[in-house]
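Heads up, the thing below is written out as structure tokens.
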């Protein structure tokens, strides 16, 4: 019987937290990454089948972002491969208000195996563990968000939901929308970070063109600038109750 759970992106912000939770439950975890064994690389489809071999369930995160062109097609292909190899359940990390991400959700759902979708607001930990950390340390958050608000979600809440989905069949066929309890502007975030750190941190909105240059300087796909300006237009400002729906507790 296949008992291993594959975590694609298992070294990332959500993946490593999910790994900790599953390991604590005695579940065998396989980390799907370029340095994993067996290796997994989204850009090398020859690595997919070895990573899926002997797997019962899989958590799918797409790098660098599910909303980028080509992501939905790759998710569809790996979901079909997983179903054909006997993987019983797939959990996909998705984004709110992203049409390409929603296409990836549909592609996974059509693969013929049990599924769960976990769609999320912006991560609170983007400011402490990811590409915005350098900006926070420099004292200025630069992002093309204007005055919009976002109900930033705690990555630990995401990991709790994903771990539950991977281990409890009651979550099969469910789509959970995860956010935090409060919608904050980036000015609000800068103020809260300033209070927490005792340092002055400000927010400076920029255009999508300016932000594309910043992404280029950090070695990130410039297409992410279009993703950010699209989803940070206020469409996702309303908090959702997915954490409570999945876990029976508030975010």
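What follows draws every value from the coordinates through simple rules; no lab data is involved. Quick caveat: nothing in here was measured; it's all calculated off a predicted structure. Note that each Cβ is placed from the backbone with ideal geometry, even for glycine, and that neighbours are counted across all protein chains shown.
With label points built 7 Å along Cα→Cβ from the Cα atoms of residue 99 and residue 241, find their separation and express it in nm.
Placing both labels 7 Å beyond Cα along the Cβ direction yields 3.1 nm.
Quickly work out the residue 43-to-residue 197 label distance, labels modelled 7 Å from Cα along the C-beta direction, and quote it in nm with one decimal.
In this crude label model, residue 197 to residue 43 measures out at 3.1 nm.
Report, in degrees rounded to the nearest 10, the 0 to 90 angle that the Cα long axis of helix 155-167 makes with the longest principal axis of the chain.
10 degrees
Determine, from the Cβ-Cβ distance of residue 167 and residue 106 and an R0 of 25 Å, the FRET efficiency 1/(1 + (r/R0)^6), rounded to the nearest 0.05.
The value I calculate is 0.50.
Top mean-square fluctuation among 213, 109, 80, Gaussian network model of the chain, C-alpha springs under 10 Å?
213
Expressed in nm to one decimal, what extension gain is obtained for the pair residue 85 and residue 35 from 0.36 nm per residue of sequence separation less their Cα-Cα distance?
Using 0.36 nm per residue and subtracting the Cα-Cα distance, I get 15.7 nm.
Using a Gaussian network model of the chain with C-alpha springs under 10 Å, which one of 143, 78, 27 is most mobile by mean-square fluctuation?
Its mean-square fluctuation being the largest, the pick is 27.
Please give the peptides 231-240, 88-97 ranked by average Cβ packing (other Cβ atoms within 10 Å per residue), highest first, as a rough proxy for protection.
Order by mean packing, descending: 88-97, 231-240.
I need the semi-axes of the equivalent ellipsoid of the chain: take the C-alpha gyration tensor, multiply each eigenvalue by 5, square-root it, list largest first in whole angstrom.
Equivalent ellipsoid of the chain: 31, 20, 17 Å, largest first.
Which of rounded, prolate, oblate describes segment 1-147, given a ≥ b ≥ c as roots of the alpha-carbon gyration tensor eigenvalues and a/c under 1.5 marking rounded, otherwise prolate only if a/b is larger than b/c?
prolate
With the crude spin-label approximation of a point 7 Å out along Cα→Cβ, what separation in nm comes out for residue 11 versus residue 131?
1.9 nm
Can you classify segment 1-46 as rounded, prolate or oblate using the Cα gyration tensor, where a ≥ b ≥ c are the square roots of its eigenvalues, rounded means a/c under 1.5, and otherwise it's prolate if a/b beats b/c and oblate if not?
The shape class here is oblate.
Taking the Cβ of each residue in 6, 81, 133 as the centre, tally the other Cβ atoms inside 10 Å and list the residues starting with the fewest.
Starting with the residue having the fewest Cβ neighbours, the order is 133, 81, 6.
Of the beta bridges DSSP finds with both residues in segment 4-247, what % are antiparallel, to the nearest 5?
Of those bridges, close to 5 percent are antiparallel.
Pick out which of 167, 179, 116 has the largest mean-square fluctuation in a Gaussian network model of the chain, springs linking Cα atoms closer than 10 Å.
Highest fluctuation of the listed residues: 167.
In whole angstrom, how far apart do the alpha carbon centroids of segment 190-228 and segment 72-112 sit?
One Cα centre to the other: 30 Å.
Quick one: helix 208-217 against the long Cα principal axis of the chain, what's the angle to the nearest 10°, folded into 0 to 90?
Helix 208-217 sits at roughly 70 degrees to that axis.
Using alpha carbons only, how many degrees (0 to 90, rounded to 10) separate the axis of helix 71-84 from the longest principal axis of the chain?
Helix 71-84 sits at roughly 20 degrees to that axis.
Debye calculation, C-alpha points only, no solvent: report log10 I(q)/I(0) for segment 166-218 at q = 0.13, 0.20 Å⁻¹, in the same order as the q values.
Scattering profile of segment 166-218, log10 relative to I(0): -0.64, -0.85.
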